[in-house]
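The values are calculated or read from the model by the stated rules, or taken from the named source; none is laboratory data. All of these numbers come straight from a predicted model, not from anything done at the bench. Cβ placement follows ideal geometry from the backbone for every residue including glycine, while neighbour counts extend to all protein chains displayed. With ligands, DNA and RNA removed, areas are computed over all heavy atoms of the protein, side chains included. Shrake-Rupley method; radii C 1.70, N 1.55, O 1.52, S 1.80 Å.
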Amino acid sequence: MAQLGDNQYGKSRVRLSRITRQGDRHHFQEWNVRVLLQGDFVESFTKADNSKILPTDTMKNTVYSLARDSRAATIEEFAIELGDYLLQNNAQVTSATVEISERAWRPMTVTDKPELHTYKLDGPELQTALATRAKGGTWSVTSGIDSLTILKTTNSGFEGFVKDKLTTLKPVGDRIFGTSATATWQFASPQPQYEVVREQVVSALMREFAGHDSKSVQHTLFDMAKAALAAAPDVARITLAMPNLHHLLADLRPFGQDNPNHIFVPIDEPHGYIEATIER
């Protein structure tokens, strides 16, 4: 006999651009929203009864309608606002999860001055937020950054590792270290300043990566996370995932040329993958 287990449903990839006008200055944001609901939906699965199903198209419209009048300055604040609305207006819903990513649009700088309403996309990274609450409970919020693509051309090596009969990797004291990092962090404070904390965390991560004398990805990951905790008192723990995006020294010997760490072949598959959570 079959029975229904855990289930949820919602709307994904709801894309939204927003302009907030503050005098002559325009503040531009581009978001991608996902909403997931849990609740009394058993009979929609088992008896084809849709009487308690809020259409996902309505969820999409709710995102746009709430954004119209929202004063939320951050994706975390809007995620909470959207989730609260869905919980308050749907008795059959027992918990809501809202996930939002934001592209890294920044004001363009022209003749040493930031433009008032012209933007440039900084890079592939996305700001992220995940907010979850059960009805009657409190919000659990996780902030983060995805695809933070950074690289250093020196002060990175990998030596002293385990060698067995299948090891072909050669120890190296100076190499390229590239990664596309994902970081997520949880808060120690119930009402953090999300934008301030994000700036503290990301700045600390990049500053530590740049100045770190790396003996391995693990070594750098831990010190980056430690620096983020020191810079952001409102963060309780941080999780970092750092794939090691390799740049392999090209073999120019068949052409009668040497290669003193000058020409490399970038590869992204296969790659090393290192992940850890660092807590206070």
Q) When the dipole is taken about the Cα centre of the chain, and only Lys, Arg (+1) and Asp, Glu (-1) are charged at their Cβ, what size is it in debye, to the nearest 20? A) 200 debye
Q. Using a ≥ b ≥ c from the Cα gyration tensor of segment 113-189 (square roots of the eigenvalues), is it rounded, prolate or oblate, where a/c under 1.5 gives rounded and otherwise the larger of a/b and b/c decides, a/b for prolate?
A. oblate
Q: Using +1 at the Cβ of each Lys and Arg and -1 at the Cβ of each Asp and Glu in segment 188-278, identify which of 256, 211, 244 lies farthest towards the dipole's positive end.
A: 211
**Q.** Accessible area (Å², 1.4 Å probe, nearest 10) - residue 85
**A.** 90 Å²
Q. Between residue 277 and residue 28, how many nm apart are label points set 7 Å from Cα along the C-beta direction?
A. 3.8 nm
(Q) In whole Å, what are the extents of segment 160-280 along the principal axes defined by its C-alpha atoms, from largest to smallest? (A) 63, 30, 24
Q: Using Cα positions and a limit of under 26 Å, work out the lysines in reach of residue 226, with same-chain residues fewer than 8 apart set aside.
A: 152, 215
Q: Arrange the residues 4, 54 by how much accessible surface each exposes, largest first, with a 1.4 angstrom probe.
A: 4, 54
(Q) For q values of 0.20 Å⁻¹, compute log₁₀ I(q)/I(0) with the Debye formula on a Cα-only model of segment 57-169, without solvent. (A) -1.13
Q. Residue 88 label point, 7 Å along Cα→Cβ, cut-off 15 Å on backbone N: hits in segment 114-157?
A. 135-137, 139
Q) Using θ = phi - 60° and the Karplus form 6.51 cos²θ - 1.76 cosθ + 1.60, what ³J(HN,Hα) does each residue of segment 56-72 get, whole Hz, x for Gly and Pro? A) 5, 5, 5, 4, 4, 5, 5, 4, 5, 5, 5, 4, 4, 10, 5, 9, 5
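Taking the square root of 5 times each eigenvalue of the Cα gyration tensor, what semi-axes in Å does the equivalent ellipsoid of the chain have, largest first?
Square roots of five times the eigenvalues give 41, 25, 19 Å.
How would 49, 122, 223 line up by accessible area, probe 1.4 Å, largest first?
Details: 49 55, 122 85, 223 30 Å².
So the residues, ranked largest to smallest area, are 122, 49, 223.
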Q) R0 = 22 Å: FRET efficiency of residue 155 with residue 248, Cβ-based, nearest 0.05? A) 0.75
**Q.** segment 77-179, accessible surface, carbon-and-sulfur percent (1.4 angstrom probe)
**A.** 53 percent
Q) What distance in nm separates the simple spin-label points at residue 71 and residue 52, each placed 7 Å from Cα in the Cβ direction? A) 3.6 nm
Q) Can you give the angle from 0 to 90° between the axis of helix 194-211 and the longest principal axis of the chain, with both taken from C-alpha atoms, to the nearest 10? A) 10 degrees
Q | Heavy atoms of residue 161: accessible area, 1.4 Å probe, square angstrom to 10 | A | 40 Å²
Q. Given the C-alpha centroids of segment 182-221 and segment 1-70, what is the distance between them in whole angstrom?
A. 30 Å
Q.
Taking 0.36 nm per residue of sequence separation and subtracting the Cα-Cα distance, how much length would be gained by fully extending the chain between residue 115 and residue 258, in nm to one decimal?
A. 46.8 nm
Q) Using a 1.4 angstrom probe with every protein chain in place, what is the largest-first accessible-area order of 30, 159? A) 159, 30
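On average over all directions, what projected area in square nanometres does segment 221-280 have, based on the convex hull of its Cα atoms?
That works out to 5.6 nm², a quarter of the Cα hull's surface.
Give the carbon-plus-sulfur fraction of the accessible surface of segment 191-280 in %, rounded to a whole number; probe 1.4 Å, heavy atoms of protein chains only.
About 54 percent, which is the carbon plus sulfur part of the accessible surface.
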Q) Cα to Cα, under 16 Å, and not fewer than 8 places away if on the same chain: which lysines meet these conditions relative to residue 60? A) 11
Q) Tell me, what HN-Hα J-couplings in whole Hz come from the Karplus equation 6.51 cos²θ - 1.76 cosθ + 1.60 at θ = phi - 60° for each residue of segment 73-83, using x for Gly and Pro? A) 8, 10, 5, 5, 5, 5, 4, 5, 4, 5, x
Q.
How large is the accessible surface of residue 206 in square angstrom, using a 1.4 angstrom probe and rounding to the nearest 10?
A. 80 Å²
Q | Solvent-accessible heavy-atom area per residue, rounded to whole Å², over the chain at 1.4 Å | A | 59 Å²
